[in-house]
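Enquirer: Quick one: structure below, then a few questions.
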Amino acid sequence: MSQEERRYVVGSIKFVKQALIASGWMDADPEIHRLQPDIYVVNEDGDKGGKSDYCQKLGIEYLVLNARRHPACQNGAAPSFEDSNSAPHFERAK
C-alpha cells in the first residue's frame, strides 16, 4: 500500500481529523502546533526518536499500536482488503 493510500485509509476513520505524511516526524512540528491534536499515534516501528517526550511536553497522548499481520501477509506482502480476514488488526502495544 502506498503512503497516499495509507494516509487515505487512516484519514477516513471517523475520529481522525487529519492524517499527515511527513518525510521526517519533526517535519510535522508546525502542523502539530497548528492542529493541536489530542492523540499522536504511531506503530511499534515508529516508536523512536523522542516522539514520546515531544508529545509529553505538548500534553498530547502518545499511542503506540501493535499491528498483527494475517498469515497471508507474510514477508511484507500487502493484504487484500477484498477479503476482510486479510486486513491487519491493530491493538495498543503493551
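Enquirer: Could you run the Karplus curve 6.51 cos²θ - 1.76 cosθ + 1.60 with θ = phi - 60° over the stretch 3-9 and give me ³J(HN,Hα) per residue in whole Hz, x for Gly and Pro?
Expert: 4, 5, 5, 4, 4, 4, 4
Enquirer: Pulled fully out, how much extra length does the chain show between Asp27 and Asn66, if you take 0.36 nm times their separation in residues and subtract their Cα-Cα distance? Please list the in-between numbers first.
Expert: Working: separation 39, 0.36 × 39 = 14.04 nm, distance 2.38 nm.
Taking Asp27 through Asn66 to full extension adds about 11.7 nm, to one decimal.
Computed from the coordinates by the stated procedures, all read-outs in this text should not be read as laboratory data. In this text, all values refer to a predicted model and were calculated from it rather than measured experimentally.
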